[in-house]
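Q: If you scroll down you'll find the structure; I have some questions about it.
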Amino acid sequence: MKTKLIIEFSDSRIKAAVAEFKSPLSPVEIKEVISEPVEAGFANAGRALKNVFSRVGKRKGLEVIVIISRNKITVRKINLPSREPKEIEQMLGLHIIRQVPYPKEEIVFGYHNLGLDNFNNSRILTAIAHRDMLRIIFNAFIFLNILPEAMFLSSQGVIKYLRYSMGEHSLPSSPYLVLDIDYNYSDLILVNKNQLDSTVVISQGAVQIKSDQERERFISELKQALLAFQGDLTSVQKPMCLFLSCALSREAPGLAVFLEKELGLKTQLIKPGIPESSDETLKEASFAGLLGFAFSPNKKEDISFVLPEARIKKEMKVRLRQLLITGVCVVYVFLISVMIFFSILNQRQLYLARLSERSGILAEKCSGLGDMEKKIKLVKQYSGDKNSALACVYELLQVCPDDITISSFSWEKERGFAIRGYADQIPDVFSFVSALNETAVFKSAQSRSTRRRKVKDKEIVDFEISKKQ
C-alpha cells in the first residue's frame, strides 16, 4: 500500500490529506484530513509540520506533495513574441520583475504556456512567490529530514479535483468558472480548454460570508473579479456555468442557489470529498486543492516553485549516491581483478606475447587503411550531393547582397535551414528572402522574425529566415 501526504500552506493553517492506493491505476482512498494552526509568516511551521507527521505516523514509501495557497501567490499573464521554451524562460526573467515590487533575487516563479494568441504571441501564465516564504517552508521540511523537490499552486489542484469528481466528459467544452471558498479567502478560477487560464483572489472566505452583510460584500467583490476576466474572454466564449467548491458544507446548497441568482450563471456544487469529522475547523476549510493532487498525478505542465537551494541539495544527494555506487563498484572490480590476475598470471603472460606478435603482423599489413577510410568518408560527405552543406553555403553566398550581414547559418538535411543576421532596413530583408526563394536550395525561405535594435548610434534590423513548414 502506497501513501501520499499532501500538505497545503495557507495564512493561519496547515492543511493536510492522507491518501492511500495500491498502484497508480488503483482507486485512491482519502484516509484522513488534518488542519494545524500556524502563526503569521509560518513562524511555527516546523512544529506544526511535526504534529502533522506525528498524526500520520511512519509509513514506508511516503510521497510528500507541498502546495501553496493561491492567496500567498501573485499570478500574472504575460504575452511574449516567442515560441521557443528556452527563449521564453529567458524573456520571463526580464519581464517578471515588472510584475511585483521585489528584486529578482527575492522571488521564485513558475509558469505555464497557454498557447498562442491572435498575434502568434505565446500567452504565459506566471505565478510568483516570495523566496523568504518558500525558504521558511523548505527549512521546516529539512528540519524533519524531508526534501521537497517542488511546491505547487493550489488553483491547479482545484481543477484536478473538479475533473476527478465530475468526470472530464461531463465538463463543458467552452470556458467555465470554478469558485473555491476557503476559510478566509476565495479563489475564482477561469478554466479554458481544460487548463488553468486565469485566477483572481477574493478576500472573503467561509468565515466572513456567514452574515448577510458580508455576503453582499462578497458578491460585490465576486462581480469585480468577473470584470477582471473580461480581457481574457475577448477571444473565447463567455463562460455559462460556475462550479462551486465550498468549505461551508451545510450552507453550500443555499449559497449555490444564491450565487446562481446573483450572477446569472448556472451553478453546480462540487462534493467535499473528505471523511466526516466533528472538527469544526475542518468544516470551514476547503480541501479541493489537496484532493486534486491526491487523486491525480503531478504533470510536467503543472506550475511549480523550486528553490535554488532545493535544486542544489537534490543534485548533491544524487551525486553522492552515484559516488557511493561508483566507489563500491570500483572496489569490487579491483578485488576481482586482483584475484583473477594472480590465478592466471603465467597463462596471461604467454597469451600476451602471442597477441603482441600477432598484433605487430596485422599492424604492418593494415598500416594506412584507417587514414584512407577517414579521407574517403570525408570526401563523400562534401562532394557529389547538391544538398550538401558546402553547396548550400556556396548558393547562399551567390545571392547574399552587400547590405545583408549573416551572423549564423545552420543547415540540416531533414529539417532544413535557418539564417540569422542583420540589415540596415526591413525592405532589405524582404528582398533577400525573395532572392533566396528564386534559388533551388532556399526555395521555401520565409522571414520568421524581424526586430529593430540600436548599435551605437545606428539602428539595424535583426532577422531570422527559415524553411517554410
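Q: Give, in nm to one decimal, the length gained when the segment between Asn139 and Ile340 is fully stretched (0.36 nm per residue of separation minus the Cα-Cα distance).
A: Computed gain between Asn139 and Ile340 is 67.3 nm.
Q: Right, another one. Take the alpha carbon gyration tensor of region 314-363, find the square roots of its eigenvalues, order them as a ≥ b ≥ c, and report rounded if a/c is under 1.5; if not, report prolate when a/b exceeds b/c, else oblate.
A: Oblate is the answer for region 314-363, as a/c is 1.5 or above yet b/c matches or exceeds a/b.
Q: A follow-up question, please. Among (1) 29.3; (2) 27.6; (3) 22.4, which one is Kirkwood radius over Cα pairs in Å computed from these coordinates?
A: (2)
Q: Now for a separate question. Amide H of Ala206 versus every other amide H placed in the peptide plane: which residues, excluding those fewer than 5 positions away on the same chain, fall under 5 Å?
A: Answer set, sorted by chain and number: Asp182, Tyr183, Asn184, Tyr185.
Q: For every other residue with a beta carbon closer than 10 angstrom to the beta carbon of Arg47, add +1 if it is Lys or Arg and -1 if Asp or Glu, then tell me the sum.
A: My count for the surroundings of Arg47 gives -1.
Q: In the chain, which helices (entire DSSP H runs) extend 27 Å or more along their own long axis, judged by Cα positions, while averaging at least 0.0 on the Kyte-Doolittle scale?
A: 308-343
Q: Under a plain spin-label model, where a point goes 7 Å from the Cα along Cα-to-Cβ, how far apart in nm are Glu149 and Gln213?
A: 5.1 nm
Q: Considering only DSSP states other than H, G, I, E and B, which trypsin sites (Lys or Arg not before Pro) in region 341-372 qualify as loop sites with at most 12 other Cβ atoms within 10 Å?
A: Listed in order of number, the matching sites amount to none.
Q: Nearest 5 percent is fine: what portion of the DSSP beta bridges confined to the chain is antiparallel?
A: Counting only bridges with both partners in the chain, antiparallel ones make up about 80 percent.
Q: Put a dot 7 Å past each Cα toward the Cβ at Glu89 and Arg354; how far apart are the dots in nm?
A: In this crude label model, Arg354 to Glu89 measures out at 5.7 nm.
Q: Could you list the trypsin sites (Lys or Arg not before Pro) in region 105-186 that lie in coil according to DSSP, counting only those with at most 14 other Cβ atoms within 10 Å of their Cβ?
A: none
Q: Separate question: If you keep only loop residues by DSSP, which chymotrypsin sites (Phe, Trp or Tyr not before Pro) in region 68-155 have at most 10 other Cβ atoms within 10 Å of their Cβ?
A: Those that pass, being in a loop and sparsely packed, are Phe119.
Q: Something else about it: For Ile426, put the label point 7 Å out on the Cα→Cβ axis and report which residues of region 89-123 keep their amide N under 20 Å from it.
A: Within reach of a label on Ile426, which here means backbone N under 20 Å from a point 7 Å along Cα→Cβ, region 89-123 contributes 117-122.
Q: Kindly provide the helix-only [θ] at 222 nm of the chain, computed as the sum of -39,500 (n - 2.57) over DSSP H runs of four or more divided by all residues, to the nearest 500 deg cm²/dmol?
A: -12500 deg cm²/dmol
Q: Taking DSSP loops as anything outside H, G, I, E and B, show the longest stretch in the chain free of GluC sites (Glu not before Pro) there with at most 13 other beta carbons within 10 Å.
A: Values: sites that count: Glu39, Glu276, Glu301, Glu414, Glu438.
That would be 40-275.
Q: List the residues, sorted by chain then number, that are 5 or more residues from Arg448 or on another chain and whose placed amide H is less than 5 Å from its amide H.
A: Glu464, Ile465, Ser466
Read the figures in this text as sums done on the coordinates, not as results from a lab. It should be emphasised that the depicted structure is a prediction, and the values quoted were computed from it without experimental measurement. Using ideal geometry, Cβ is built from the backbone for each residue, glycine included, and neighbour counts are taken over all protein chains shown.
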